[in-house]
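First comes the structure, then the notes that go with it.
The values are calculated or read from the model by the stated rules, or taken from the named source; none is laboratory data. Since we're looking at a predicted model, the values are computed, not measured. As a convention, Cβ positions derive from the backbone with ideal geometry for all residues, glycine included, and neighbour counts pool all protein chains shown. These area figures cover heavy atoms from the full protein model, side chains too; ligands, DNA and RNA do not enter into them. Shrake-Rupley method; radii C 1.70, N 1.55, O 1.52, S 1.80 Å.
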Amino acid sequence: MEAPVAGIDVSKDKLTVYFQDSFYEFPNDKRGFEEIKRVLPKGCKIGIESTGVYHINLKYLVGEYDVRVINPFTLKKFKDFRGKKSDKNDAKKLAELVVSMGSEFTTSEARELTSQWDFVTRSIVRVKNRLRRDLVLLGYRDSLSRKNLNEVLRGEDNAVLSEVRFLLGELERLEARKREIEEKLKEVVSKYSLIFTIPGIGRTLGCIILARVGDVKRFGDKKRFVAYCGLDPLVESSGKSVVSRGISRRGDAVLRRAFYLAALTAIKVNPVIKRFYEEHKGRLKGRKLITACARKLAVITWAVLYYNRPFDASE
C-alpha cells in the first residue's frame, strides 16, 4: 500500500500542513512538530521546501516519517508551482510534487551531515589562514608544522600569541568534529555504491556526493547533472565572439566543492582525469584547470551511477 503524502509550508513562526484535503497550522517549534505527529500517520511522505534555517526543526520528524526537503533550485522547473501565492497553496503543491516526482526528492540525516561537514571544513580553512597570518606577525614561517608551532608557543606572551593558543584549541575541536561527522556519514551511506569504483573519489567525498545527489535518475543527461553541480561553463556571446566566464556556480555549492576536492586526488590516481589534466594544462592554469577536471569527474560520476556500471578507464 502506497504511503500517504503531506506537504508542509515552513515560515519563520508558522507551519502550514496540507494532508488529505485538509489544512492545519502549528507554531514552528518543537511543540508544533509534536502536534504534526498527532495528525500525520507514521511513515507518511512529507514534502518540505528548503527555507534556510527555518526548516531546521524537521529533525523532530526524521526517523518516523519519509521527509523530503525540496530544494528551491529544483522547484524552478515546475512553472506552475507558485501559482497564487499563499501558505496553503504552497503546502498543497509540495504534497503534489512528492507524488508526481516519486523518488526524485530525498533527504536523510546524511544530507544534514554533509552541510555540517562543509561548514566545519570551511571553518578549518579560515582558522588555519588566521594562524598563518599570526605566525608571520610573530616573525616565524607560516608553516603549521608541529615543530614550528612548538617553537612559536615557547615565545614571550603577547596578544598575538594568545590568539595563536586560542586558534589551536579551536582547530583541534573543529578537526575532531570533522572526523566525527565523517564516521557518521560512513554509517548512513552505503559503502557498496559504484561511485567508489571511481579512482579519486574516496569514502568521505563519495558519501557527500551520494547524499547531495539523491536519485541520479532524475538527471536525464550529463549536462543537467553538471548544471546541478554548478560546474557548467558560463559563456557569453556577442556577435561572432564567444567568451568563457568560468562556471555558473548556480547549483549545489557543497556538491561542487566535493567534486573539486576529489579532482585534486583524481589528477594523480584516475587515468582518465590524469590524461585530461595533461591535455589541458597548457591552456588552463590553477583553479580553472582543477575546476575543469572536477567537471570531467562529475560527468564520469553521472555515467557510472546513471547506467549502474563500474568505472572503466577504457570507455
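Details
- Listed by first and then second residue, the pairs with beta-carbon distance under 6 Å, at least 6 apart or on different chains, first residue in segment 257-271 and open to solvent by less than 10 Å² (accessible area, probe 1.4 Å), second among the β-branched types (Val, Ile, Thr) and part of a helix (DSSP H, G or I), are ALA258/ILE208; ALA258/ILE209; ALA263/ILE290; ALA266/ILE273.
- The single condition among (1) surrounded by 14 or more Cβ atoms within 10 Å (Cβ to Cβ); (2) among the acidic types (Asp, Glu); (3) modelled with pLDDT under 95 that GLU170 does not satisfy is (3).
- Considering segment 187-212, the residues that are of a type outside the set (A, V, I, L, M, F, W, C) and either touching a strand residue (DSSP E or B) at 6+ places or on another chain (Cβ under 9 Å) or not in a loop (DSSP other than H, G, I, E, B) (or both) include one that is modelled with the lowest pLDDT, namely GLU187.
- In segment 8-123, counting only helices (runs of 4 or more DSSP H) that sit wholly within it, the ones holding 2 or more residues that are at pLDDT 80 or above and out of contact with any strand residue (DSSP E or B) (no Cβ under 9 Å at 6 or more places or on another chain) span 30-39.
- Test: ARG132 is within 28 Å of TYR277 (Cβ to Cβ) and either free of Cβ contacts under 8 Å to residues at least 60 places away in the same chain or open to solvent by 80 Å² or more (accessible area, probe 1.4 Å) (or both): yes
- In the set (1) open to solvent by less than 30 Å² (accessible area, probe 1.4 Å); (2) touching a residue at least 12 places away in the same chain (Cβ under 8 Å); (3) closer than 27 Å to LEU113 by Cβ, the condition left unmet by ASN148 is number (3).
- When VAL243, VAL235, VAL226 are checked against the criterion of being aliphatic (A, V, I, L, M) and either open to solvent by 90 Å² or more (accessible area, probe 1.4 Å) or at pLDDT 90 or above (or both), VAL226 stands alone in meeting it.
- In segment 203-226, the residues that are more than 15 Å from LEU297 (Cα to Cα) reach residues that are β-branched (Val, Ile, Thr) and part of a helix (DSSP H, G or I) with C-beta atoms within less than 6 angstrom, at least six apart or across chains, in these pairs: ALA211/THR114; ARG212/THR114; ARG212/VAL254.
- Residue pairs whose Cβ atoms lie under 6 Å apart, sitting 6 or more positions apart in sequence or on different chains, and linking a residue in segment 290-315 that is closer than 14 Å to LEU194 by Cα to a partner that is assigned to a loop (DSSP other than H, G, I, E, B) and open to solvent by 20 Å² or more (accessible area, probe 1.4 Å), are VAL304/PHE311.
- Restricting attention to segment 277-315, the residues being part of a helix (DSSP H, G or I) and more than 20 Å from LEU255 (Cβ to Cβ) number 5.
- Considering segment 12-24, the residues that are out of contact with any Gly (no Cβ under 6 Å at 6 or more places or on another chain) and in contact (Cβ under 8 Å) with a residue 24 or more places away in the chain include one that is surrounded by the most Cβ atoms within 10 Å (Cβ to Cβ), namely VAL17.
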